[in-house]
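Okay, so here's the structure we're looking at.
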Amino acid sequence: MRDVRRIGIIVAGLAMAADQLFKNLLLYEFDFIIMRPFERVEVLPFFDLVMVWNRGISYGLLQADSVLFTRLLTLFQLSAVALLAWWLLRADRKFLGLGLGVVIGGALGNVIDRIRFGAVSDFFHFHAGNFSFYVFNIADAAITIGVIALLADAFLRPDEKSGNKSS
């Protein structure tokens with residue numbers, strides 16, 4: 001179990017660091033912080049870098065229009081991280097630890113933004129023809145990948161299906 005926790009903690013740190021490094025690079029080195037909302041830099045015909053400040057949660061839901069609501073969202077996110085960390089401490093499978101670590105790291109990356117800026121900075125925008133995917137960041141991608149890993153762990157565990165409880 002110690003290896004599972006170590007994997008989760010390392011992956012969480014890497015996900016959070018990658019998110020913050022990239023955000024700081026775009027915000028300060030490339031001056032995206034001074035960009036107008038939805039101003040874009042075309043990278044590929046189907047991919048742009050766009051500056052969006054998300055005051056809500058995923059997909060722009062629950063927009064925080066006040067300092068109080070921003071603090072409540074931050075408290076909610078930190079509570080979720082604490083719950084996931086508690087789960088990680090009890091995890092007994094490496095894939096579960098990996099999934100939890102990626103979600104924790106992504107959530108912490110977005111919490112840091114919310115504390116620093118009062119909103120989360122999003123940049124990546126994929127589109128093709130009339131299709132336009134929402135604008136997201138590395139933390140959002142980490143959370144999504146982590147949730148997919150958690151679902152895969154829940155549905156594909158060989159130990160549960162065979163009646164074996166070994167890991």
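The values are calculated or read from the model by the stated rules, or taken from the named source; none is laboratory data. Fair warning: this is a prediction, and the values are worked out from it, not measured in the lab. Reconstructed Cβ throughout: ideal geometry from the backbone, glycine too, with neighbour counts over all protein chains shown. Note: areas computed on protein heavy atoms with side chains; ligands, DNA, RNA excluded. Shrake-Rupley method; radii C 1.70, N 1.55, O 1.52, S 1.80 Å.
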- Task: Return only the number of the condition from (1) closer than 15 Å to Ser121 by Cα; (2) touching a strand residue (DSSP E or B) at 6+ places or on another chain (Cβ under 7 Å); (3) at pLDDT 90 or above; (4) of a type outside the set (D, E, K, R) that Met35 does not satisfy.
- Result: (3)
- Just one of Leu108, Leu75 is among the aliphatic types (A, V, I, L, M) and closer than 15 Å to Ala139 by Cα; which is it? Leu108
- Message: Anything in the stretch 108-125 that is open to solvent by less than 70 Å² (accessible area, probe 1.4 Å) and over 20 Å from Arg40 (Cα atoms)? List them, or say none.
- Response: Leu108, Gly109, Asn110, Val111, Ile112, Asp113, Arg114, Phe117, Gly118
- Task: Out of the residues in the stretch 126-144 that are surrounded by fewer than 16 Cβ atoms within 10 Å (Cβ to Cβ) and outside any strand (DSSP E or B), state the one that is modelled with the highest pLDDT.
- Result: Thr144
- Message: Could you go through the stretch 38-61 and let me know if any residue there is at pLDDT 90 or above, in a helix (DSSP H, G or I) and open to solvent by 70 Å² or more (accessible area, probe 1.4 Å).
- Response: no
- Item | The listed residue being outside any loop (DSSP other than H, G, I, E, B), modelled with pLDDT of 95 or more and under 18 Å from the mean Cα position of the chain (by Cα), out of Leu84, Leu75 | Leu84
